[in-house]
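The values are calculated or read from the model by the stated rules, or taken from the named source; none is laboratory data. Small disclaimer: the values here were computed from a predicted structure and weren't measured. Cβ: placed from backbone, ideal geometry, glycine included. Neighbour counts: every protein chain shown. The area values use the complete protein model at the heavy-atom level, side chains included, leaving out ligands, DNA and RNA. Shrake-Rupley method; radii C 1.70, N 1.55, O 1.52, S 1.80 Å.
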Amino acid sequence: MTPAARILTALQLLKADPVGLGGLVLRARVGPARDAVLALTRDVSPVQVRLHVQMTREDLEGGLDLAATLGSGALVEHRGVLKRGACHIIPMAERVLPQMAATLAAVLDRAEFGPFIALDEGAEEDEALPPALADRLALQLDVSELRLADLAELSLPAAMPLSKVDIPEDLPEQLVVLASQLGISSLRAPSFALRAAKAHAALSGRDRVCSNDVTAAVELVYAHRATRLPEEAPPEDDTQPEDQTDPSEAQSQELTIPDELLIEAIKAALPADLLTKLQSGAARNAKGAGSGKRKTGNRRGRPLPSTGTRARVGQRIDLMATLRAAIPWQTLRKQQNPDRTGAIVLAEDLRAKRYQELSDRLLIFTVDASGSAALARLGEAKGAVELLLADAYARRDHVALIAFRGEGAEVLLPPTRSLVQTKRRLAELPGGGGTPTASGLASALELALSAERKGLTPTVILLTDGRSNVALDGTPDRGQAAQDASQLALQLAAKGVDGLVIDTGNRPERALANLARDMRAPYLALPRADARKLSAAVTDSLGS
């Protein structure tokens, strides 16, 4: 199918089975082509409701109308924005909060409302819908490369009822096997493909699914879900066993379509670059937009649904949510306590306010630049920093570099996301002298506290062989140096600064393991680690 024909077919299928297929993902930025496709969706359903990505369950499905309930003395509920028979459009769907995605997933599972059209406006490859929502929308269209002229004269015809369309007995099994070969783990995909095949047959005026219907269905349902391509099977023997089944009966009960034809249809629907990634086993695995580390608190940020709580110092009670939890029980509680006046609120009704704050992360590399191995260690650190910065834009991470040697430490690279500046500042790093680990940790602590005041979330990554021999005051005292380093590690832990200790010595150093324990940080022994291994270790340990 051509891109325009794919769009028209997908919308026709959605019109024929809006609730069963759930909806579609429309991947494109704002533009004339996307507006033209959205105009066609009015033929799917003339009633359209736009949803906001921060809507709560009460906004979507309805709930207690607190003001009306308090005013009338009886329970009054308000209706949510979801409407039966309406087309629900979700702009900027890649930013849907997990709470809203879970609510919509439950709505789609109950098959009460539909269809949903999620507008994926992500600019990067890793910006995509939450998996819980994307898995429940059968179809996906990418119109980012289409022109308005390609969509000029498209219109949707009417379809016959799906109940009048029969399916071959062997088709469900074939769709499940094909999904497994394509690396599709969700069992919803074969179910969607079967419904899409029935809808396609109804669109063509047939009362039975044929091979063309199945081909169109797998192209629209499986192509964007595939994570791999099946290996080519060896040629089969042309000798066919003797068939004892009546040909007319077999034709009426089964529909055998070669998997090669279905796979070729899926390949035709894949972009060229995605096909290359699938063949190399490196398909896109979107995890949502890189929006920084999420911190949950009770003071500032984006409001989250309130939760039940026990009375604790510093918590803020959500009065409205508490009243909503208590009001449905007032009749029963008044019967048990007839002498009480006013609302009866119990401890289990209390709800605490919660907010979510997105914070940029700062990776503070604190590197041992002393001794004979300084050049190798600094080279590893430079390579690791540059590799991490390559992905920093998606995660909104910042990187800083502190080198400690001689009698103190120096901030060689202030917090930055500039790859050009990083390479320039890392070009010439000093080395040699003693090992003032405590001075390096002190500089890291100061930089971390300064970053927190600016809204960043710091993580200190210590890269050393563990042989600290210079105290915090600059004197060569191995015992005092170890004590000072331990004190600074405890301060980092007390301030809640995340950390990671990487031991680059030829053998694991017990003193560094103890230092990591004081920092409440993971300890990694990586002798002879190169830049790529260091970058991978940091990424895995920090959950990046």
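Is it the case, given these coordinates, that LEU229 is surrounded by 10 or more Cβ atoms within 10 Å (Cβ to Cβ), under 31 Å from the mean Cα position of the chain (by Cα) and modelled with pLDDT under 75? Criteria met by LEU229. Annotation: of all residues in the range 443-460 being assigned to a strand (DSSP E or B) and either open to solvent by 30 Å² or more (accessible area, probe 1.4 Å) or in contact with a helix residue (DSSP H, G or I) (Cβ under 6 Å, 6 or more places away or on another chain) (or both), the one that is farthest from GLY496 (Cα to Cα) is VAL460.
Restricting GLU94, GLU58, GLU127 to those that are within 25 Å of the chain's Cα centre (by Cα), farther than 22 Å from ARG188 by Cβ and outside any loop (DSSP other than H, G, I, E, B) reduces the list to GLU58. Checked against (1) touching a His at 6+ places or on another chain (Cβ under 7 Å); (2) of a type in the set (D, E, K, R); (3) surrounded by fewer than 20 Cβ atoms within 10 Å (Cβ to Cβ), ARG188 passes all but condition (1). Here ALA138 meets each of (1) more than 20 Å from THR9 (Cβ to Cβ); (2) modelled with pLDDT of 75 or more with one exception, condition (1). Here GLY63 clears all of (1) assigned to a loop (DSSP other than H, G, I, E, B); (2) touching a Gly at 6+ places or on another chain (Cβ under 8 Å) except the condition numbered (1).
Residues in the range 484-529 that are surrounded by fewer than 22 Cβ atoms within 10 Å (Cβ to Cβ), among the small types (Gly, Ala, Ser) and within 34 Å of the chain's Cα centre (by Cα): ALA493, ALA494, GLY496, ALA513, ALA516, ALA525, ALA529. Restricted to the range 144-175, and to residues there that are more than 13 Å from VAL214 (Cβ to Cβ) and modelled with pLDDT of 80 or more, the residue that is surrounded by the most Cβ atoms within 10 Å (Cβ to Cβ) is ASP166.
Every test in (1) at pLDDT 85 or above; (2) surrounded by fewer than 19 Cβ atoms within 10 Å (Cβ to Cβ); (3) in contact with a Pro (Cβ under 8 Å, 6 or more places away or on another chain) is passed by HIS88 save one, and that test is (2). The set of residues in the range 1-50 that are among the aliphatic types (A, V, I, L, M), surrounded by fewer than 21 Cβ atoms within 10 Å (Cβ to Cβ) and not in a helix (DSSP H, G or I) comprises MET1, VAL19, ALA28, VAL30, VAL47, VAL49. Scan the range 91-104 for residues that are in contact with a helix residue (DSSP H, G or I) (Cβ under 8 Å, 6 or more places away or on another chain) and buried (at least 18 other Cβ atoms within 10 Å of the Cβ) and jot them down. If the condition is that a residue be in contact with a helix residue (DSSP H, G or I) (Cβ under 8 Å, 6 or more places away or on another chain) and buried (at least 18 other Cβ atoms within 10 Å of the Cβ), then ALA93, VAL96, MET100, ALA101, THR103, LEU104 are the ones that fit.
For (1) in contact with a helix residue (DSSP H, G or I) (Cβ under 6 Å, 6 or more places away or on another chain); (2) closer than 18 Å to ALA369 by Cβ; (3) of a type in the set (Asp, Glu); (4) at pLDDT 90 or above, each residue gets a yes or a no:
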residue	(1), (2), (3), (4)
GLY406	no, yes, no, no
LEU426	yes, yes, no, no
GLY431	yes, yes, no, no
LEU441	yes, yes, no, yes
SER468	yes, yes, no, no
THR475	no, no, no, no
ASP498	no, no, yes, no
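Filtering the range 346-369 to residues that are part of a loop (DSSP other than H, G, I, E, B) and modelled with pLDDT of 75 or more leaves LEU346, LEU350, ALA369.
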